[in-house]
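Each remark here refers to the structure printed beneath this line.
The values are calculated or read from the model by the stated rules, or taken from the named source; none is laboratory data. What you are looking at is a predicted structure, and each value in this text was computed from that prediction instead of being measured. Here the Cβ is made from the backbone with ideal geometry for all residues, glycine too, and neighbour counts use every protein chain on show. With ligands, DNA and RNA removed, areas are computed over all heavy atoms of the protein, side chains included. Shrake-Rupley method; radii C 1.70, N 1.55, O 1.52, S 1.80 Å.
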Amino acid sequence: MSSPHEDKDHTPTVGSQTDIAPLGRSGPKPEHERTADEDIDPVQWSRIADDADFKALVRRKLRLIVPATLFFIVYYFLLPIGVGWFPGLMEKKVWGAVNLAYAYALSQFFMAWILAGIYVAAAAGWDRSEHALLRKFGVQHR
Amino acid sequence: MSPLPLAAAGSQTSLWIFLAFVAATLVITWYSARKSSGASAYFAAGRRITGWQNGLAVAGDYMSAASFLGIAGMIATNGYDGFMYSVGFLVAYLTVLFVVAEPLRNAGKYTMADVLAYRLKPRPVRAAASLSTLTVSIFYMIAQMVGAGVLVRQLIPGVSYELAVIGVGILMVIYVVFGGMLATTWVQIIKAVLLMGGSILLSILVLQRYDFDLGKFFSSLTAITSTTADGQSVTRNFLTPGLIFKNPWDQISLGMALLLGTAGLPHILIRFYTVPDAKTARASVVWAMIIIGLFYIMTTFFGFGAASLLGPDHIATNGGTNMAAPELARFLGGEIFFAFICAVAFATILAVVAGLTISASTSFAHDFFVNVLHHGKEQKAGEEVRVARITAFVVGALAIVIAIILGPSVNVAFLVGLAFAVAASANLPVMIFSLYWKRFNTTGAVTGLLVGLSSSIILILVSPDFMKEPLFPLKNPALVSVPLGFLGAWLGTILSKEKPDEAKFTELMVRANTGLGAEKASAH
């Protein structure tokens, strides 16, 4: 990705009188001076992508995200389907005057919160694997 | 005292509360303008918003006047169906949490198109993504502006529709032009706090009438009497489904637009760039889900409460469905509370339009101006921000003019549905494919975006909202246009000979999953 700022370097060429700190360096730049593009060398993206730990991390994420997504989509659409085609069932009273239609609609809120909680708990584990992975490749996260 | 001066006193108070809100937001804007400099500060608030702050801001950006006044009114006049409508707005955030928030924060910079253009040819993809972003933002904004004009006329007698539209337009432009993302964020945070405060108070006052006995509350809903159009008195159980929505397919199509569209709404997506990293983006979705969920659950109390305590007939003769929540506030807490709820409703509109303005201007400046017209390079330093400010001004002026031309009587509800449908049919399929499908290419992205966009618009134009004898039976096109969006993206990919850039896909995979090389928060 290209940077939107293309700041010109106004420092005169190396060796001129104003050049107090010589520009040419030996060795790599210190961590905090690297730009985003220099942050890691291009070859390393594929080295990380091919790493077994990285692949395992992606698989673990998808193992939660795919079934959880399918679950909430089915759970959600059962509401309009139930209300639309099975009104008799949905009008059954479950608590006092409260019918199944209301109770099921209300349960959707708790379903969403619980799934979000499960996701966050799992993601804490992914964060740890991610840090371990980046340490293995010797790249700083932030 | 006669009711007339009482109402006038109420509108006076409402005006003062509203002016206090405007004054507070202008102070914040002045403070943000003084503090912020540079593109990351302007477009992403320096990426230093915390998780709970961004959660509140996402909620403030999302809960529109249509949610607050519209859903309350729908429940108050027709019962259960209105509550069913509110469910989808929360469940939709699971898509945001699972699919888009973290990869977006990890791999992007300011806009949704950053992620789409990552491994594809940037110019065509950004041009198409910018077109769909501008379409969604401007449709949604016009709906909000017309709504604002109508509301203010009812809330503050003496203020005309045109004056209200111009006032809202000028304020949103000031927030965005001078204060950028930081000011917009704080306007949204304050609005979310006010809206939650008002809703909690309203709910408590309703429950007090039933001695805080939920059984008694729900029992009161089983026999609500109202007068039909032909003057007959009917008594209905307001917990029974199907009192407004007759065609279940309409509900399924709308549900699809909500579930998949929320994760493609540009003004929500850009909020995730304002936090330091993907972990905070995740936390902010969870905060937003808590707030949004509580809010929509509370529609039970103030929506059904208005039905039971005021009755549908009282609402119909006192300002109509949109005024159900404010009228309930007047009934429970007198003129001052009525004034407070009216001011909250107005603050709600302002926060949402400010979010829409900044998303439109960011996309135009970052995607179209800098990356499409100038190949990703600024001609002069600071040009990107300057173009965004000019765009915000132009978008604001356009929205004012269009809202005034359309006038207060135009039906704008379909514009909101259309915004969600375009987001679900154009933006989301392309986003999912570019994150997960290796073979996906530029042709696929452009066809996906354009097919999703045009099919949503065309199907709306031939829907029951527009035609007496509609060619397409559903009010919301999502059920058909979402599969078309996916199909367009897939066909475009497999039919073109273009080779995907596998190295770039690998890089995007690693970036999206690890946050390596992601944009950092600015230093103090």
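Worth pointing out:
- Taking a straight Cα-Cα cut-off under 26 Å and skipping sequence neighbours fewer than 8 places away in the same chain, the lysines within cross-link reach of B:LYS504 are A:LYS29, A:LYS55, A:LYS61, A:LYS136, B:LYS109, B:LYS121, B:LYS279, B:LYS377, B:LYS438, B:LYS520.
- For the peptides B:67-76, B:351-360, the ranking by mean Cβ contacts within 10 Å, running from highest to lowest, is B:351-360, B:67-76.
- Shielding value for B:283-295 is 2, the average number of Cβ atoms from other chains within 10 Å of each residue's Cβ.
- Magnitude of the charge dipole, the protein assembly as shown, Cβ model with Lys/Arg +1 and Asp/Glu -1, debye to 20: 880 debye
- Taking the Cα centre of region A:40-136 as origin and assigning +1 to Lys and Arg Cβ atoms and -1 to Asp and Glu Cβ atoms, the resulting dipole is close to 200 debye.
- Relative packing of B:515-522, B:12-19, which averages over residues the other C-beta atoms within 10 Å, highest first: B:515-522, B:12-19
- Candidate lysines for bridging to B:LYS475, where Cα separation is under 19 Å - those fewer than 8 sequence places away on the same chain excluded: B:LYS246
- Interface residues of region B:218-260, defined as those losing at least 30 Å² of solvent-accessible heavy-atom surface relative to the isolated chain (probe radius 1.4 Å), are listed as B:PHE218, B:LEU239, B:PRO241, B:PRO248, B:ILE252, B:LEU259.
- Averaged over peptide A:79-91, the number of partner chain Cβ atoms lying within 10 Å of each residue's Cβ comes to 5.
- Relative to the longest principal axis of the Cα atoms of chain B, the long axis of helix B:51-62 lies at roughly 70 degrees.
- Taking label points 7 Å from Cα along the Cα-to-Cβ direction, B:ARG439 and B:SER496 give a separation of 1.5 nm.
- With contacts taken as Cα pairs under 8 Å and at least 6 residues apart, chain B reaches a relative contact order of 31 percent.
- Taking the protein heavy atoms of region A:40-136 in the context of the full set of protein chains, the accessible area attributed to carbon and sulfur is 70 percent at 1.4 Å.
- Accessible area (Å², per residue) of region B:13-514, counting only protein heavy atoms and a probe of 1.4 Å: 32 Å²
- To put it simply, the accessible area of chain B at a 1.4 Å probe is 69 percent carbon and sulfur.
- Per-residue mean of C-beta atoms belonging to partner chains within 10 Å, peptide A:63-76: 3
- For region A:75-84, the Karplus equation 6.51 cos²θ - 1.76 cosθ + 1.60, evaluated at θ = phi - 60°, returns couplings of 4, 5, 6, 4, 5, x, 5, x, 5, x Hz by residue, with Gly and Pro reported as x.
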